[in-house]
Amino acid sequence: MGKVIAVSSQKETIGKTIISIKAGVKLSRSGKNVLLMDFSSGKKKMSEYLKVNENIIYDIKDVLDSTCSLELAAIEIIEGLSLLPCPRINDKLGKIKKESFVKIINEAKKDYDVIILDIDKIQLSYVDFSVLDNIIIINNNDFSCIKEINTDKAIAEKYNFNNIYVLINKFNIKKGSKGTMMKLKDIQKLSEAKIQSTIEENIKYSEIDYDFFFSSDDSSFNKTIDNMIFLMS
């Protein structure tokens, strides 16, 4: 049965979609059969980053509604990596039922080693923690991060879920040292979750193209994703 990883954040444009795709590529290259599921309402979808937007015939909504099978809707990106895309039509995804969420996850677990879910917030009503193995919470070091991280952790603990990985993305060291944003040690002290990794803010990460996802250079971004995968293995 496949392992299910949900990547979530209470913030928009925080990088969870990029991190999800990068993790999927790395896991597929390690020999895993990986499925990316795009539940996100973000402006730029996984299908756009991966340049398969025009290849979409069926999408995740069609599978949720049993209009088609998961196999029919999934798009192969590279060997060992497929995408179940979000609808191209705005608002088509609509309200998701918890039973449909559980069904689609259980179907995917039969055929894939790892399923990575790009989800807006873990407190959404359709999220069923019983089918998840790990949750990656993405945030930055602004002052709202403490409340948001603690809220996410409290929601997970309500369902006795403890496999949480916290990643601070777009970490601004300069503003942290000036006191206009938070230092890592203060986030660690005030939040109730262990901060496992950080990715420093870098303008090049806001200009990501298709090739970035498949690069294997010795960057801090790649090292962080490698560490994240290792800690969840």
Q. Using the alpha-carbon centroid of each, what span in Å lies between the stretch 160-195 and the stretch 76-127?
A. 28 Å
Q: Leaving ligands, DNA and RNA out of it, report the carbon-plus-sulfur percent of the accessible area of the chain at a 1.4 Å probe.
A: 47 percent
(Q) Apply the Karplus curve 6.51 cos²θ - 1.76 cosθ + 1.60, θ = phi - 60°, to the phi angles in the stretch 174-182 and return the couplings in whole Hz, x for Gly and Pro. (A) 4, 5, x, 6, 8, x, 8, 9, 8
(Q) Pick from GLU192, GLU107, GLU54 the residue whose mean-square fluctuation is largest in a GNM of the chain, springs joining Cα atoms under 10 Å. (A) GLU54
**Q.** chymotrypsin sites (Phe, Trp or Tyr not before Pro) within the stretch 131-165, DSSP loop, no more than 12 other Cβ atoms inside 10 Å
**A.** PHE143
Q: Counting only heavy atoms of the protein chains, get the accessible area per residue of the chain (1.4 Å probe) and round it to a whole Å² value.
A: 50 Å²
Q | 26 Å Cα-Cα threshold exceeded, pairs from LYS3/LYS26; LYS51/LYS175; LYS110/LYS194 | A | LYS51/LYS175; LYS110/LYS194
Q: Taking H placed 1.01 Å from N in the peptide plane, check which residues at least 5 places from TYR165 or on another chain put their amide H under 5 Å from its amide H.
A: ILE135, ILE136, ILE137
**Q.** Segment ASN55-VAL102, extension gain: residue separation times 0.36 nm, minus the distance between their alpha carbons
**A.** 14.3 nm
Q) Top mean-square fluctuation among SER100, SER28, SER66, Gaussian network model of the chain, C-alpha springs under 10 Å? A) SER66
Q: Output ³J(HN,Hα) for the stretch 17-23: one whole-Hz value per residue in order, computed from phi by the Karplus curve 6.51 cos²θ - 1.76 cosθ + 1.60 with θ = phi - 60°, and x for Gly and Pro.
A: 5, 5, 5, 4, 5, 4, 5
Q) Just ILE96, ILE203, ILE119 to compare: in a GNM of the chain, with alpha carbon springs under 10 Å, which one fluctuates most? A) ILE203
Q: Quick one: give the max-minus-min coordinate of the C-alpha atoms of the stretch 48-134 along each principal axis, largest first, in Å.
A: 32, 30, 24
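The values are calculated or read from the model by the stated rules, or taken from the named source; none is laboratory data. Being a predicted model, the structure only gives us computed values, none of them experimental. With ideal geometry, Cβ positions are generated from the backbone for all residues, glycine too; neighbour counts draw on all protein chains shown. Keep in mind that these areas ignore ligands, DNA and RNA; they rest on the heavy atoms of the full protein, side chains included. Shrake-Rupley method; radii C 1.70, N 1.55, O 1.52, S 1.80 Å.
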